[in-house]
Amino acid sequence: MQTKKITNREFAKMVEAASAFLDQNAEFINSLNVFPVPDGDTGTNMSLSLDSGLKYLNDESSESVGALATALAKGLLMGARGNSGVILSQIFRGFSKSTEGKDDLTATDLADAFAAGAETAYKAVMKPTEGTVLTVIREAAKAARKTAARDDNIVAVMDATYEAASDALKTTPDLLPVLKQVGVVDSGGQGLTFVLQAFDDVLNDREIKVTANHKPNTNEMDEMIDAEHHRSVQGNIDPDSIVYGYCTEIMVRIGKGKQVDHPFDYDEFYQYLANLGDSLLVVNDDEIVKVHVHTEHPGKVLAWGQEFGDLAKVKVDNMRLQQETIMEKDDEDAQAAAEQAKPKEAPETAIITIAAGDGMKTLFESLGATTVISGGQTMNPSTQDIVDAINQSGAKQAIVLPNNGNIFMAADQAVDAADVPTVIVHSKSISQGMTAMLGFEPDHTIDENQAAMEENLTTVTGGEVTHAVRDSHVDGFNIKKNDFMGLIDGKIAVVGKTLQDTAKQMVAKMLNEDSEIVTIIYGADANEAEATTLSEAVSDLDDELEVEIHEGDQPVYPFVVSVE
């Protein structure tokens, strides 16, 4: 296929296809996480980052490719999540700088843009590591330039770019031993290769297949029913004005039961119900039909369902009564919101920290955090999320605690984009973040606080217990799916079959002769009783230790432990 240039239309299609393809393959990319913990989110981060870039591109009115690339880069930057998302944003930042002012792209322009993207990405990483996405973009750009030097066909250049990326991706386990040990390719490199594959497919007029249509399963039927109910319920209306007062839901096992009079026919079944009310939704597969309808005659709905099968589920709610309750609660909420809306004095220095779980939020706020952004292991916040938290604090300056190494690069980008002077305290874990908070002094400058809080990071050892999501061999451990793992400062230190044994062994490895305080924070997959059992086990290890227990509600990690 012979193509001499990429116009604004082709470029927009390329980005749109790449965004869809990343979204479709996000879970596969996530599964390439080196550690077999249930928080691999490279694919999710790259997908959400590129989706943000696409939104900015779609809002750009200019018809030049250069302007579209600039909008894409800006959107990627502000939506960047995790290190993988930030690096992707830097690739397209370099791409956009190279294409600035260009209405269309020639083969040489495209090759130069990829080369600029590779250069910018390498500069953005303090210590570039080969065997990662950086290797993939460098080799892809090299092939693009080599091909463009002898061929002005853009399709040929894009073919070579994608093929080189695929080949480079295959070499990542040879360049990064931990990848070979686990038996996977680099997840970020895989994500970028999917992007380049989508670009190549568009320029070759190949169709990119998205998730195929399928019949809804039972869970999806429940979601559809629930969505229809919420869509049809109106706001603050008079309960007496509701025409059909009973929200009626049934699930019928088609052809089962003693009162079956009819073979199931969707149109016949639907039409009878349509005459009984409104907000009707009927979904079915070969075995089950689910119904949602607002009616004055719930008994007739039930009787009609029994003519086609037995009733596996019945739910009838009086919406007039519900609306009365809602209106009473709305009045209470309005009063509470009015109290909360009263102007608060802005702090001199805002402390922005990232954590998941209501309990974690409460703990950080009790230590003096101004804003706790929800996120961390399972959902890295974007650059825009951090910038918004800084700017909306009303403070004259800000300190950011990422509490996760994968958020460092997004936080760095936020520092540059924020409206007020901002610094980062490079906390890699919740334990480090909480200890860092103890070093904050309101009357000190942000540079003084940054130094003191960074120094505090060295006084704590952090541990986390989670479970393996797949069989793996990491750091000398043969790990089986569903084994428990104890991670000390991010590295697997203990593998066990039970939560308690694994946690106890992990804490034992964390202790030394200077240890004084052990803090146990239990998450959504544990409870206070289990935390108390662990606390007693810790005291058995050293009865002079002070042990504290807090509810964190955090996902992924049943126990987060710090030793100081």
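Please treat every number below as a calculation from the coordinates, not as lab data. Computed from a predicted model, the values in this text were never measured in an experiment. All Cβ positions, glycine included, derive from the backbone under ideal geometry; neighbour counts span all protein chains shown.
Among residues other than GLU130 with Cβ under 15 Å from its Cβ, the summed charge is +1 (Lys and Arg +1, Asp and Glu -1).
Each Lys or Arg adds one and each Asp or Glu takes one away; over the other residues whose Cβ falls under 15 Å from the Cβ of SER366, this sums to -4. Label-to-label distance, LEU545 versus GLU455, with points set 7 angstrom from Cα along the beta-carbon direction: 2.7 nm.
Projected area of the stretch 1-129, taken from the Cα convex hull and averaged over every viewing direction, in nm²?
On the way: hull surface 33.6 nm².
That works out to 8.4 nm², a quarter of the Cα hull's surface.
Applying 1/(1 + (r/R0)^6) with R0 = 30 Å to the Cβ-Cβ distance of ASP51 and THR7, what FRET efficiency is obtained, to the nearest 0.05? Each step should come with its number before you reach the end.
Values: r = 23 Å, r/R0 = 0.76.
Once rounded, the FRET efficiency stands at 0.85.
Of the peptides 425-435, 530-540, the order by per-residue mean of other Cβ atoms within 10 Å, starting with the highest, comes out as 425-435, 530-540. P(r) for the stretch 466-552, from all Cα pairs and a bin width of 10 Å, is 17, 48, 29, 6 %, short bins first.
Between GLU345 and LYS329, the distance separating the two model label sites (each 7 Å from Cα on the Cα→Cβ line) works out to 3.6 nm. Highest mean packing first, where packing is the average number of other Cβ atoms within 10 Å per residue, the peptides 358-365, 18-25 line up as 18-25, 358-365.
Other residues within the sphere of radius under 14 Å centred on the Cβ of MET46, judged by their own Cβ, net out at -4 (K and R +1, D and E -1). Shown for the chain are the DSSP H helices of 27 Å or more along their axis, judged by Cα atoms, with a mean Kyte-Doolittle hydropathy of at least -0.5: 8-30, 154-175.
Counting beta carbons within 10 Å around each of SER31, SER62, SER47 and listing the fewest first gives the order SER62, SER31, SER47.
What FRET efficiency, computed as 1/(1 + (r/R0)^6) with R0 = 41 Å and r the Cβ-Cβ distance, is obtained for ASN318 and GLU163, rounded to the nearest 0.05? Taking R0 as 41 Å, the efficiency between ASN318 and GLU163 is 0.05. Protection proxy ranking of 280-291, 403-414, by the mean of other Cβ atoms within 10 Å over each peptide's residues and highest first, is 403-414, 280-291. One equal scatterer on each Cα of the stretch 491-537, no solvent, Debye formula: the resulting log10 I(q)/I(0) at q = 0.25, 0.27 Å⁻¹ is -1.07, -1.18.
With R₀ fixed at 45 Å, the C-beta to C-beta distance from HIS444 to GLN181 puts the FRET efficiency at about 0.50. Of all DSSP beta bridges confined to the chain, the antiparallel ones make up roughly 75%.
Given the Cα-Cα distance of LEU511 and GLU100 and 0.36 nm per residue of separation, how much length would full extension add, in nm?
Net length gain for the segment: 142.4 nm.
Modelled spin-label separation between ASP285 and ALA529, with each label point placed 7 Å from Cα along the Cα-to-Cβ direction: 3.5 nm.
Comparing Cα centroids, the stretch 371-429 and the stretch 141-161 end up 39 angstrom apart.
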